[in-house]
Amino acid sequence: MNKQVYNPYMPSFEYVPDGEPHVFGGRIYLYGSHDRFDGAQFCLNDYICYSADVNDLTEWKYEGVIYRKEQDPRNQNVPANAQPFAVKPGIEVKDENSLNPPGIHAMWAPDVVKGPDGRYYLYYCLDFLPEIAVAVCGEPAGKYEFLGFVRHKDGTALGKREGDLIQFDPGIFVDDDGTIYLYSGNAPMHKEQFDAKKGSQVMTLCEDMLTLASEPKHLLPDIHEAEGTQYEGHAFFEASSIRKIGGRYYFVYSSVRSHELCYAVSDKPDEGYRFGGTLVDIADIFLDGRTEAEPLNCLGNTHGGIECAAGQWYVFYHRQTNRTNYSRQGCAEKIYFDEKGAIAQAEVTSCGLNKGPLKGCGVYPAAIACQINRNGKQVLSMPDVMGEDYPYLTQDVPDCEPTPELLAADEQRPVQYIKNIKDKSAIGYKYFDFNGPCKVTAAVRGKAKGRLVLAADAPENGVGEIVIEMDSEKWLSFSGNTKPLEGVHAFYFLFEGEGSIDFETFSLENIVQ
């Protein structure tokens, strides 16, 4: 078990956001939606699954496609040239594959539970359609088959009856007494928005996993109800996820700020939730007093859940890439409970699932950076906002399927890299365990003249430099040495100079003194 794992924990070409982790039979399975790199909208690919032994999170196995979008009856007989919905301004559609044929409706964030019959049930929504669909399989990561829609006792699909709320981001949970709870909902993000068909809700299901045993009832407050309460500024927006820990119920959700995951706690699964705090924020906002004016990474939505593996709890979430909201990648961090059951906000790191800090020697993908900003700040991950002013994560090749050859190649030369690094751009990594001075080699390309300042603990704390002068479309290597570094440190590359570079990999090599 000498292998390391870092964020993102899947291959660099894989885009699986909305991660819901569940332990079944000694393995942790990661379910999520599936973005298409450079796609025109959210979640354009089929559901896939990755899994790992709970005792070794360094080895994630690709389980393959578990459910195809055209298996849903609402995705049948769709014209091959149809578009999912209006393409947003500023998004360049490079080929017809980014438009989602043949299943016109994209499958958004799912959840999975083991039912009373021992089978596994997958709950999901098709983009803006109002129902919750269910698929079933005899194993956690097998081939799921469409089962039906969650329905009222009279057979009417939930979401279709007058007075029903629109269903969204379902979360599913079976309590110790066998009661099956289904959570769902999407709420307004701004006070100016009103929609009577939106909100957070909970209901129970019969053992058929489809029929409502109890009608939906209101759960968490939305932005209009949160004012003056503990939820103010962190009201429910979407992404319901539930866990039972130590006899209490922890409800994880994405707040109206969108870039944070919050949690609420109750002694009951369906009422009485008290706001707990921020679990993780993709730009480390709120951590150590950081404000929304000081994001360390590009902003956008995040969504995820929490799970325990070998005694350690983790929060799974996603980050933004490619200057869009439509190429998101799964990450994870350790979380810790205090004696009262409260969870401290997790710091975004490069080494999330690793047993500890990364080794201060070896070759690393540049794309495992946990901070990517310029002049100490970032903006929304959209091309018309970022423009060419900020560095960002991307890849040169189209969306990739994880063949064995590609998986092996990605470990040698990662598909993803950091693009558009200009003057005062800082690329940060947390954390490395150093043992003396290092020779640092960076693989870069572009047209630039300047230096990469090597810094420890903060971008302004220089401990060395790499001089760069180049005009090349090919990856070239440049090296420099650091001062002696001992123990665990954050590590930064700060570019100072003219032009722009892309950053593929870097190596750390101990200098024998």
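The values are calculated or read from the model by the stated rules, or taken from the named source; none is laboratory data. Because the structure is predicted, anything quoted here is derived from the model rather than measured. Every residue, glycine as well, gets a Cβ built from its backbone with ideal geometry; the counts of neighbours run over all protein chains shown. When the accessible area is computed, the model is the full protein with side chains, heavy atoms only, and any ligands, DNA or RNA have been set aside. Shrake-Rupley method; radii C 1.70, N 1.55, O 1.52, S 1.80 Å.
Miscellaneous remarks
- Qualifying residue in segment 291-312 (condition: out of contact with any strand residue (DSSP E or B) (no Cβ under 6 Å at 6 or more places or on another chain) and among the hydroxyl-bearing types (Ser, Thr, Tyr)): yes
- In segment 392-415, of all residues being exposed (fewer than 11 other Cβ atoms within 10 Å of the Cβ) and of a type outside the set (A, V, I, L, M), the one that is nearest to TYR326 (Cα to Cα) corresponds to ASP396.
- All positions within segment 1-27 that are open to solvent by 10 Å² or more (accessible area, probe 1.4 Å), of a type outside the set (Phe, Trp, Tyr) and under 17 Å from TYR417 (Cα atoms): PRO8, MET10, PRO11, SER12
- Flag for TYR390 being part of a loop (DSSP other than H, G, I, E, B) and under 23 Å from the mean Cα position of the chain (by Cα): yes
- Any hit, segment 28-44, residues being open to solvent by 10 Å² or more (accessible area, probe 1.4 Å) and in contact with a helix residue (DSSP H, G or I) (Cβ under 7 Å, 6 or more places away or on another chain): yes
- Residues of segment 338-360 satisfying the condition of being among the hydrophobic types (A, V, I, L, M, F, W, C) and crowded, with 17+ Cβ neighbours inside 10 Å: ILE343, ALA346, VAL348, CYS351, LEU353, LEU358
- Taken over segment 393-423, the residue count meeting the criterion of being in contact (Cβ under 8 Å) with a residue 24 or more places away in the chain, part of a loop (DSSP other than H, G, I, E, B) and out of contact with any Gly (no Cβ under 8 Å at 6 or more places or on another chain) is 7.
- Looking across segment 237-256, just one residue is among the hydrophobic types (A, V, I, L, M, F, W, C) and more than 18 Å from the chain's Cα centre (by Cα), and that is ILE245.
- Of everything in segment 361-390 that is closer than 22 Å to ALA442 by Cα and of a type in the set (A, V, I, L, M, F, W, C), the residue that is most open to solvent (accessible area, probe 1.4 Å) is VAL363.
- Leading residue by the ranking (nearest to GLY115 (Cα to Cα)) among those in segment 36-54 that are touching a strand residue (DSSP E or B) at 6+ places or on another chain (Cβ under 8 Å) and in a loop (DSSP other than H, G, I, E, B): VAL54
- Residue match in segment 425-438 (condition: of a type in the set (Lys, Arg) and more than 24 Å from ASN354 (Cβ to Cβ)): no
- Some residue of segment 352-361 being closer than 22 Å to LYS424 by Cβ, outside any strand (DSSP E or B), under 14 Å from the mean Cα position of the chain (by Cα) and modelled with pLDDT of 95 or more: no
- Out of ALA226, ALA293, one residue alone is more than 15 Å from the chain's Cα centre (by Cα) and modelled with pLDDT under 95. It is ALA293.
- Any hit, segment 432-447, residues being assigned to a strand (DSSP E or B) and exposed (fewer than 15 other Cβ atoms within 10 Å of the Cβ): yes
- Selected residue (only one of LYS94, LYS61, LYS69, LYS88 is among the basic types (Lys, Arg), open to solvent by less than 40 Å² (accessible area, probe 1.4 Å) and either modelled with pLDDT of 95 or more or out of contact with any Ser or Thr (no Cβ under 6 Å at 6 or more places or on another chain) (or both)): LYS69
- Tally of residues being open to solvent by less than 30 Å² (accessible area, probe 1.4 Å), in contact with a strand residue (DSSP E or B) (Cβ under 6 Å, 6 or more places away or on another chain) and assigned to a strand (DSSP E or B) across segment 476-488: 2
- Pick from segment 206-242, criterion of a type in the set (D, E, K, R) and crowded, with 19+ Cβ neighbours inside 10 Å, ranking: nearest to PHE275 (Cα to Cα): ASP222
- Residue match in segment 5-17 (condition: of a type outside the set (Gly, Ala, Ser), more than 29 Å from VAL113 (Cβ to Cβ) and modelled with pLDDT under 95): no
- Residue check for CYS331: modelled with pLDDT of 95 or more, more than 21 Å from ALA490 (Cα to Cα), in a strand (DSSP E or B) and open to solvent by less than 50 Å² (accessible area, probe 1.4 Å): no
- Every listed requirement among (1) of a type in the set (Val, Ile, Thr); (2) in contact with a helix residue (DSSP H, G or I) (Cβ under 8 Å, 6 or more places away or on another chain); (3) surrounded by fewer than 14 Cβ atoms within 10 Å (Cβ to Cβ) is met by ILE427 save one, (3).
- Matching residues in segment 61-76 - criterion: being of a type in the set (Ser, Thr, Tyr) and touching a Lys or Arg at 6+ places or on another chain (Cβ under 8 Å): TYR67
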